[in-house]
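Worksheet: one structure, shown below.
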Amino acid sequence: MLLVLVGFIGFAIDVGLGTYVSNQLQVGADAAALAGARNVRSNIEQARLDAQSVAAANRASRQPITLRLNSGNAAGGDIVVGRYSRGTRTFTPQLTRVNAVQIFARRTADSSDGPLPLAFGPVFGTNTANIQRMAIAMVGGGSGSGILCLSPDDPKALYVRGSSTVYVNGGDIQVNSTAPNAVDLQGSKFIVDAPELNVCGDIAMGGGDIGETVLNPGAPYRPDPLAYLPEPACPTTPDLGEAKVASGTCTFSPGYYSGGFDFSGGDITLQPGIYLLGGTGFNVRGGTNLTGHGVMFYIDSGPVSINGTGSVLLDPPNPELYTYPNVDTYENVLFFQARDNTTQSTINGTSGLDLTGSLYFPAGHVYLSGTTDKLGTQFIADTIEIAGNANLTINYDGDQAAPGNRVFLVR
């Protein structure tokens, strides 16, 4: 009987030890998953390092919890990045469109620290126990706004209708209007695909598909991230007048064009620098092939109008590549419509439209249509309308990020 009693006591002690270590592993896994999820959208490798570091700061059975980085992202690895669907409550390991980190904290035969040694188990022929715990954390909200509508009270501040498709990769959609229909999604075939759609007011939705986009009516106001940006002064001299091209090959230099750009054809190259446009603003149509690297367009009057069949390849100022005046001030800003310019702008995407950088229309309404998967890296306007059979993608790159991502455990 004494041997039986000792056996039960030993069993109870080892079970208690296993439970205690299991809880320690769970705490470490939870902390590591939360740490990794914070940066998983912007930097997967940094997310792995963060998870590994935080896990090591926790202990199980008096030893730091060790996680392998699992750079190959094997489904059974210690640190796995992927996408978590709150609709189906499933985690899928993947390396694109990621929003979650899965952690396995282990004391097993194949783990770095090996299995858990038992106190009394060897008496009965069992020397160790295999224990592991899992946690999944995801990041909610965008790392910033891929689309931001600034109007504080307009109805239909974001208006999506028809068979439009809108993708925002890497950032959320934010609408600051408090109107009951601040976001109006109409039609049976529209698609809105973004991590989250945040609106200070409410959403009117008449069908369509929002996939896994999380809708957050009553969300907090998000200030204009480019409100600090100074408006460049348009000089009276030299005045380069109007740049008007219908055919041929032309090259233009930065400066003040009081008549604006009016391109209806030809092959046009823009030298790096700041372009100040009045008159008709920025008007590109027809079969124009337009290329400009390291350029920023300040639209003092008139709209931005892009509507043609040619190719339009434009990227913004980059101080790592260029050294002209104000390249630092307007880094990563491609279009900047004056804050007192309320002219409606129109962008009709085509397969030849390739825009990089922030497109900024703080007082203007922007009408979007057509198809392009490169509609800038951030789109900010007073109000935005997306219509027809538009198929548009904004690849938000983290510039002008809003703080306060929500990171939370889902399992």
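Quick notes
- Residue list for region 54-75, restricted to those being hydrophobic (A, V, I, L, M, F, W, C) and not in a loop (DSSP other than H, G, I, E, B): V54, A55, A56, A60
- Pick from region 171-188, criterion small (G, A, S) and buried (at least 24 other Cβ atoms within 10 Å of the Cβ), ranking: modelled with the lowest pLDDT: G171
- The residue of region 121-152 that is surrounded by the fewest Cβ atoms within 10 Å (Cβ to Cβ), among those that are modelled with pLDDT of 85 or more and closer than 30 Å to P180 by Cα, is P152.
- Conditions (1) surrounded by fewer than 22 Cβ atoms within 10 Å (Cβ to Cβ); (2) assigned to a loop (DSSP other than H, G, I, E, B): number failed by P317: (1)
Condition check ((1) hydrophobic (A, V, I, L, M, F, W, C); (2) more than 18 Å from G376 (Cα to Cα)) across all residues:
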{"position": "S264", "(1), (2)": "no, yes"}
{"position": "I274", "(1), (2)": "yes, no"}
{"position": "F297", "(1), (2)": "yes, no"}
{"position": "D300", "(1), (2)": "no, yes"}
{"position": "I306", "(1), (2)": "yes, no"}
{"position": "T309", "(1), (2)": "no, yes"}
{"position": "P316", "(1), (2)": "no, no"}
{"position": "P319", "(1), (2)": "no, yes"}
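- Of the residues contained in region 216-226, one or more are found to be part of a strand (DSSP E or B) and closer than 19 Å to S151 by Cβ.
- Residue check, S163 hydroxyl-bearing (S, T, Y), touching a Gly at 6+ places or on another chain (Cβ under 9 Å) and surrounded by fewer than 18 Cβ atoms within 10 Å (Cβ to Cβ): yes
- Considering (1) within 28 Å of T165 (Cβ to Cβ); (2) outside any strand (DSSP E or B), the lone condition that G302 does not fulfil carries the number (1).
- Verdict on V333 being among the β-branched types (V, I, T), within 27 Å of the chain's Cα centre (by Cα) and buried (at least 20 other Cβ atoms within 10 Å of the Cβ): yes
- Top-ranked residue of region 33-53 - restricted to ones that are part of a helix (DSSP H, G or I) and without any contact (Cβ under 8 Å) to a residue 24 or more places away in the chain, ranked as nearest to L409 (Cα to Cα): A35
- Any hit, region 215-233, residues being in contact (Cβ under 8 Å) with a residue 12 or more places away in the chain and more than 29 Å from N176 (Cα to Cα): no
- Of the residues screened, T236 is one that is without any contact (Cβ under 8 Å) to a residue 40 or more places away in the chain, polar (S, T, N, Q) and part of a loop (DSSP other than H, G, I, E, B).
- The residues of region 281-290 that are modelled with pLDDT of 95 or more and either part of a loop (DSSP other than H, G, I, E, B) or over 12 Å from F263 (Cα atoms) (or both), listed by number, are G281, T288.
- Matching residues, region 347-387, being surrounded by fewer than 24 Cβ atoms within 10 Å (Cβ to Cβ), under 18 Å from V175 (Cα atoms) and of a type in the set (G, A, S): A363, G364, A387
The values are calculated or read from the model by the stated rules, or taken from the named source; none is laboratory data. These numbers come from a predicted model, not from an experiment. In this analysis, Cβ positions are derived from the backbone assuming ideal geometry, glycine residues included, and neighbour counts consider all displayed protein chains.
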